Amino acid sequence: MGEGWDRCVLVPIVGGHRLHGTARVPDLGGSFRYEVRVDDAWQPVAVHVRLDLPGRVAELEVSRDGDRWSVDGEHRPDLDGCLDVWLDLTPAALTPTLRHRELTEHGETVYDVVLIEVADLVVSRDTHALARLDAEHYLHRADADHGFQVHVGPKELVVEYEDAWKAVAFA
C-alpha cells in the first residue's frame, strides 16, 4: 500500500465513547471517514463509514441493538452475536476490542467480528484471534496465515500495527 494517513480521535460521550477519523488511502485513490460509537463496556453500538473516491461517494451504517445487528437499517442475522467490529483499513478501530476484551498478559481469545471491507463497503462475519504478549503488545490475527503485532499506548490506544500503520501525535 502507498503512503497514506489516518487521523482519529477518541472522545468520551454520554453512555460510552466515540472513535472517529478520516483516512487517506492512496491505493483507493481517495479517503474515507469513520465513526465507531461504543457503550460503557467498549462494545460497538454503531459504525458509520463514508467513502470518498473520484466519481463515487458512498455511505454505510452498521448498528447493534443487544445481540442484533443491522446494516443500513436491515437486520443481518448472520452478524448477530458479534461483540466487535473490524474496519479493514484502519487498525485504530481495534482499540475498543482491546478495551472490552481485557486480556491479561499471555491471555488469548478467538472471537467473531463484524468485518467492514471499506473499499467496497461490504459487511460480513469473520473470525479473529487476539493474544496479549505483554503490557504494551498484542498479536492480532485476522486470518489463519499470519498475524500483526500491535503496540498500544495508554488506555489501550493502538499506536502501531506492525509495519502497516503507525500513530503520530499532533501538536
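The values are calculated or read from the model by the stated rules, or taken from the named source; none is laboratory data. Source: prediction; values computed, not measured. Don't worry about glycine lacking a Cβ; one is built from the backbone with ideal geometry, like all the others, and counts go over all protein chains shown. When the accessible area is computed, the model is the full protein with side chains, heavy atoms only, and any ligands, DNA or RNA have been set aside. Shrake-Rupley method; radii C 1.70, N 1.55, O 1.52, S 1.80 Å.
What is the log10 of I(q)/I(0) for the range 1-129, computed with the Debye formula using one identical point scatterer on each Cα and no solvent, at q = 0.11, 0.19, 0.20 Å⁻¹? Evaluating at q = 0.11, 0.19, 0.20 Å⁻¹ gives log10 I(q)/I(0) of -0.37, -1.10, -1.20. The calculated 222 nm mean residue ellipticity attributable to helices in the chain amounts to -1000 deg cm²/dmol, summing -39500 (n - 2.57) over DSSP H runs of n ≥ 4 and dividing by all residues.
Distant-in-sequence amide contacts of residue 159, defined by a placed amide H-H separation under 5 Å and a gap of 5 or more residues or a different chain, comprise 151, 152, 153.
Based on protein heavy atoms only, the chain ends up with 52 Å² per residue of surface accessible to a 1.4 Å probe. Here the gap between residue 67 and residue 108, fully extended at 0.36 nm per residue and compared with their Cα-Cα distance, gives a gain of 12.5 nm.
Karplus-based coupling profile of the range 35-40, in residue order and whole Hz: 9, 10, 9, 10, 7, 5, with θ = phi - 60° in 6.51 cos²θ - 1.76 cosθ + 1.60 and x standing for Gly or Pro. Per-residue Karplus couplings for the range 45-57, computed as 6.51 cos²θ - 1.76 cosθ + 1.60 with θ equal to phi - 60°, are listed in order as 10, 7, 9, 10, 10, 10, 9, 10, 10, x, x, 8, 10 Hz, Gly and Pro entered as x. In plain terms, the chain is cut at each of the GluC sites (Glu not before Pro) found in a DSSP loop with at most 15 other Cβ atoms within 10 Å, and the longest leftover piece is 4-101. Residue 19 exposes around 10 Å² of accessible area when a 1.4 Å probe is run over every protein chain in place.
Relative to the Cα centre, the charge distribution of the chain, modelled as +1 at Lys and Arg Cβ and -1 at Asp and Glu Cβ, gives a dipole magnitude of about 560 debye. Sequentially through the range 108-122, phi angles give Karplus couplings (6.51, -1.76, 1.60; θ = phi - 60°) of 9, 8, 10, 8, 8, 10, 8, 8, 10, 8, 4, 4, 10, 6, 9 Hz, Gly and Pro residues having no value and appearing as x. The three principal axes of the Cα atoms in the range 64-150 give end-to-end lengths of 40, 28, 21 Å, sorted in falling order.
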